[in-house]
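The values are calculated or read from the model by the stated rules, or taken from the named source; none is laboratory data. Predicted model, so just to flag it, every value in this text is computed and none were measured. Ideal geometry is used to build each Cβ from the backbone, glycine not excepted, and the neighbour counts take in all protein chains shown. Just so you know, the surface numbers come from the protein's heavy atoms only, side chains and all, with ligands and any DNA or RNA stripped out. Shrake-Rupley method; radii C 1.70, N 1.55, O 1.52, S 1.80 Å.
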Amino acid sequence: MRRAAGDGRRRRRGAARKNGIDKGDDVVKLQALLEHRYARYLPAAILLVGFLLRVWKLVARGTQYALGEAANVALSFARDGTIGDVFGRGSGLTTHLNPILPMFAGTVYRLFGVRTELSEWILALVAISIALGTGALFYRAAGIAGIPRPPRLVALAIFALVPIHPELETTVFRIWEGGLATLLGTIVLLIALQADTGSTLKFRTTFWLGLTAALLFFINPALGLAAYAIIGLLLLRKAPPRSWIGHGALVTALLIAVLTPWTIRNYEAFGRFLPLRGNFGLELAIGNHPAALGKPEREIFVGRLREIHPLESQAAFNRMQAMGGELVYANAMGDETKAWIRAHPGDFARLCAKHLIQYYFPPSWQWGIYTGHLERSVVLRQALLWTFSAFGLVGAFAALFAWRTRLIYLAAMALVPVLPYIITQPVPRYRYIVLLPLLYLGVDTAYRLYRKLRPARTAEA
């Protein structure tokens with residue numbers, strides 16, 4: 001019997017070598033385990049446990065509710081059907097943020113009561129379902145991109161079972177757009193990867209890519225830029241040059257069609273051409289000012305919010321109203337900050353470098369911006385995030401240099417969204433949109449390094 005078992009091990013080892021698997025027994029056993037007929041249920045089991053963990057956190061801590069500008073708009077929509085009062089009652093119609101999720105949440109509040117237990121549970125379950133549904137789609141997309149099953153399962157387990165920012169997925173993204181944006185970005189990624197496996201790009205595929213990318217760009221311009229970068233890569237790889245104009249025209253037409261209703265509404269409300277949002281000047285001012293290079297960083301950031309943000313300061317709210325409303329105020333803040341940037345280009349460059357680093361390697365204070373209190377798990381979550389960010393960036397740049405690998409699409413999703421946040425102050429809600437591509441690229445890079453650097457074992461005696 002020992003001889004038969006040894007022969008079986010040698011046969012599995014031979015099959016593993018034929019498939020390019022590392023020579024070690026542990027890798028062979030892992031591969032055999034993952035090929036078991038019940039192993040196909042493992043991703044679903046991981047996601048189910050992740051869902052239950054998030055629900056358990058809500059039960060343990062209470063449902064709570066989302067706060068901030070998006071929540072105020074949801075309350076306004078529930079109250080009178082207007083997209084307004086972003087800084088509280090009396091601030092009027094708004095173009096500060098996109099209206100999709102605030103309108104959805106406002107509708108739920110209308111039907112089931114404003115911030116009642118039932119309403120918050122509905123919104124929370126939708127937000128959690130979006131997060132874990134995104135995880136399931138990204139797991140599939142990573143497989144098409146060429147990431148082997150072991151690192152994909154590890155990445156899925158980290159995402160589902162060790163959430164880096166659990167409050168975002170259970171509370172904040174009930175009304176804020178980060179979860180929905182990541183879902184739409186993953187759909188764009190999945191469609192592009194499936195198209196990349198074919199021979200040539202079809203206009204029907206471009207239609208669905210363009211429509212999803214346009215919705216995403218409206219909801220989250222940063223990740224929307226990544227979606228258009230993915231489409232551009234797909235055109236370069238799978239469409240003949242003579243068809244580029246046709247595909248580009250279709251994508252452009254879909255973007256215009258999606259943005260037109262909101263643009264018309266903003267022109268009627270504010271008398272200006274505003275296809276997206278009107279808050280850029282305020283965001284620029286929050287992240288760029290003379291004190292921003294100093295320490296302690298959290299106190300400086302919170303102090304800046306209390307100085308100029310109408311939601312954080314009654315004095316700022318009064319100034320905004322006296323100046324003529326949110327759009328005039330945001331533009332004035334932006335003009336003032338641009339003047340400072342022109343006068344201090346060196347300081348601005350240092351702030352841009354600081355923002356770039358913080359986007360991928362956030363300091364610990366960002367886990368407790370408003371409370372100043374850090375949970376004990378923050379040390380572990382920060383170390384984990386920094387680790388897979390570092391490996392993920394290595395994998396992203398390696399994919400860019402390799403070019404032919406389908407991982408280049410994941411690289412675009414990980415690298416492009418940082419561009420708008422280099423000139424503003426990144427916070428966890430802005431960073432969530434690159435969490436999955438960095439995680440999968442990071443785990444895959446670590447797995448590849450392990451297999452390459454691990455010394456081969458000698459044959460069994």
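Could you list, in sequence order, all residues of region 60-87 that are at positive phi and in contact with a helix residue (DSSP H, G or I) (Cβ under 6 Å, 6 or more places away or on another chain)? Give the derivation first.
From region 60-87, those at positive phi are 62, 64, 68, 81, 85; that's our starting set.
Listed by number, the list holds a single entry, ASP85.
Check every one of the helices (runs of 4 or more DSSP H) wholly within region 375-461 and list those with 2 or more residues that are among the hydroxyl-bearing types (Ser, Thr, Tyr).
Working: elements: 378-402, 407-415, 418-421, 428-431, 435-453.
So the answer is 378-402, 435-453.
State whether one or more residues within region 158-167 are at pLDDT 95 or above and under 16 Å from TYR409 (Cα atoms).
No: region 158-167 contains no residue that is at pLDDT 95 or above and under 16 Å from TYR409 (Cα atoms).
Quickly run through region 269-317 and pick out the residues that are under 26 Å from ASN220 (Cβ atoms) and of a type in the set (Asp, Glu).
Passing the criteria: GLU283, GLU297, GLU312.
What's the total number of residues in region 205-239 that are open to solvent by less than 40 Å² (accessible area, probe 1.4 Å) and of a type outside the set (Gly, Ala, Ser)?
Restricting attention to region 205-239, the residues satisfying the condition of being open to solvent by less than 40 Å² (accessible area, probe 1.4 Å) are 205-206, 209-210, 212-214, 216-224, 226-227, 229-235, 239.
Subsequent filtering for residues that are of a type outside the set (Gly, Ala, Ser) retains 205-206, 209, 212, 216-221, 223, 230-231, 233-235.
The qualifying residues number 16.
Can you report the number of residues in region 110-144 which are touching a Lys or Arg at 6+ places or on another chain (Cβ under 7 Å) and under 14 Å from GLY442 (Cβ atoms)?
1
What are the residue pairs meeting all of these: first residue in region 394-414, first residue over 13 Å from ASP444 (Cβ atoms) and open to solvent by 10 Å² or more (accessible area, probe 1.4 Å), second residue not basic (Lys, Arg) and not in a helix (DSSP H, G or I), Cβ atoms under 6 Å, and 6 or more apart or on different chains?
Within 6 Å, no pair qualifies.
Does LEU293 fit the bill of being open to solvent by less than 50 Å² (accessible area, probe 1.4 Å), among the aliphatic types (A, V, I, L, M) and within 30 Å of PRO345 (Cβ to Cβ)? Talk me through it step by step, then tell me what you get.
Values: open to solvent by less than 50 Å² (accessible area, probe 1.4 Å): no; among the aliphatic types (A, V, I, L, M): yes; within 30 Å of PRO345 (Cβ to Cβ): yes.
No.
Any chance you could count how many residues in region 264-278 are surrounded by 20 or more Cβ atoms within 10 Å (Cβ to Cβ) and within 24 Å of PRO426 (Cβ to Cβ)? Before you say what the answer is, go through the steps one by one.
Step one: filter region 264-278 for residues surrounded by 20 or more Cβ atoms within 10 Å (Cβ to Cβ), giving 266, 278.
Next, from what is left, pick out any that are within 24 Å of PRO426 (Cβ to Cβ): 278.
Counting residues in region 264-278 that are surrounded by 20 or more Cβ atoms within 10 Å (Cβ to Cβ) and within 24 Å of PRO426 (Cβ to Cβ) gives 1.
Restricting to region 64-86, name every residue that is surrounded by 14 or more Cβ atoms within 10 Å (Cβ to Cβ) and part of a helix (DSSP H, G or I). It would help to see each step written out before you state the result.
Step one: list which residues in region 64-86 are surrounded by 14 or more Cβ atoms within 10 Å (Cβ to Cβ), which gives 64-79, 82-86.
Matches in region 64-86: GLU69, ALA70, ALA71, ASN72, VAL73, ALA74, LEU75, SER76, PHE77, ALA78, ARG79.
Within region 329-379, restricting attention to residues that are within 25 Å of GLU167 (Cβ to Cβ) and of a type in the set (D, E, K, R), which residue is most open to solvent (accessible area, probe 1.4 Å)?
Filtering first and then ranking leaves ARG376.
Looking at (1) surrounded by fewer than 23 Cβ atoms within 10 Å (Cβ to Cβ); (2) within 20 Å of LEU53 (Cα to Cα), which is the one condition that is false for ARG89?
Evaluating ARG89 over (1) surrounded by fewer than 23 Cβ atoms within 10 Å (Cβ to Cβ); (2) within 20 Å of LEU53 (Cα to Cα) leaves (2) as the failure.
Pairs only if they're at least six apart or on different chains, beta carbon under 6 angstrom, first in region 261-287 and in contact (Cβ under 8 Å) with a residue 40 or more places away in the chain, second open to solvent by 40 Å² or more (accessible area, probe 1.4 Å) and of a type in the set (A, V, I, L, M); list them, first residue then second.
ALA269/LEU93
Taking the conditions exactly as written (modelled with pLDDT under 85, more than 24 Å from ASN318 (Cα to Cα) and either open to solvent by 20 Å² or more (accessible area, probe 1.4 Å) or under 29 Å from the mean Cα position of the chain (by Cα) (or both)), does ARG61 satisfy them or not? Explain how you work it out, then say what you get.
On the way: modelled with pLDDT under 85: no; more than 24 Å from ASN318 (Cα to Cα): yes; either open to solvent by 20 Å² or more (accessible area, probe 1.4 Å) or under 29 Å from the mean Cα position of the chain (by Cα) (or both): yes.
It is false that ARG61 is modelled with pLDDT under 85, more than 24 Å from ASN318 (Cα to Cα) and either open to solvent by 20 Å² or more (accessible area, probe 1.4 Å) or under 29 Å from the mean Cα position of the chain (by Cα) (or both).
Just to be sure, is ILE130 closer than 30 Å to MET320 by Cα, under 18 Å from the mean Cα position of the chain (by Cα) and not hydroxyl-bearing (Ser, Thr, Tyr)? Give the steps one after another, and end with the answer.
Numbers: closer than 30 Å to MET320 by Cα: no; under 18 Å from the mean Cα position of the chain (by Cα): yes; not hydroxyl-bearing (Ser, Thr, Tyr): yes.
Here the answer is no, as ILE130 does not meet what is asked.
If you scan region 108-124, which residues turn out to be open to solvent by 60 Å² or more (accessible area, probe 1.4 Å) and touching a residue at least 24 places away in the same chain (Cβ under 8 Å)? Steps first, answer last, please.
First, pick out the residues of region 108-124 that are open to solvent by 60 Å² or more (accessible area, probe 1.4 Å): 110-112, 114-115, 117-118, 121.
Listed by number, the residues that qualify are ARG110, VAL114, ARG115, GLU117, TRP121.
Among the residues of region 311-328 satisfying the criterion of being of a type in the set (A, V, I, L, M, F, W, C) and in a helix (DSSP H, G or I), which is surrounded by the fewest Cβ atoms within 10 Å (Cβ to Cβ)?
Of region 311-328, the ones of a type in the set (A, V, I, L, M, F, W, C) are 311, 315-317, 320, 322-323, 327-328.
With in a helix (DSSP H, G or I) added as a condition, the list becomes 315-317, 320, 322-323, 327-328.
Numbers: ALA315: 12, ALA316: 20, PHE317: 19, MET320: 24, ALA322: 10, MET323: 15, LEU327: 25, VAL328: 15.
Looking at the filtered set, the residue picked out is ALA322.
Here is a check on your reading of the model: is ALA141 over 22 Å from ALA399 (Cβ atoms) and assigned to a helix (DSSP H, G or I)? Full working, then the answer.
Numbers: over 22 Å from ALA399 (Cβ atoms): no; assigned to a helix (DSSP H, G or I): yes.
Taking the combined requirement at face value, the residue does not satisfy it.
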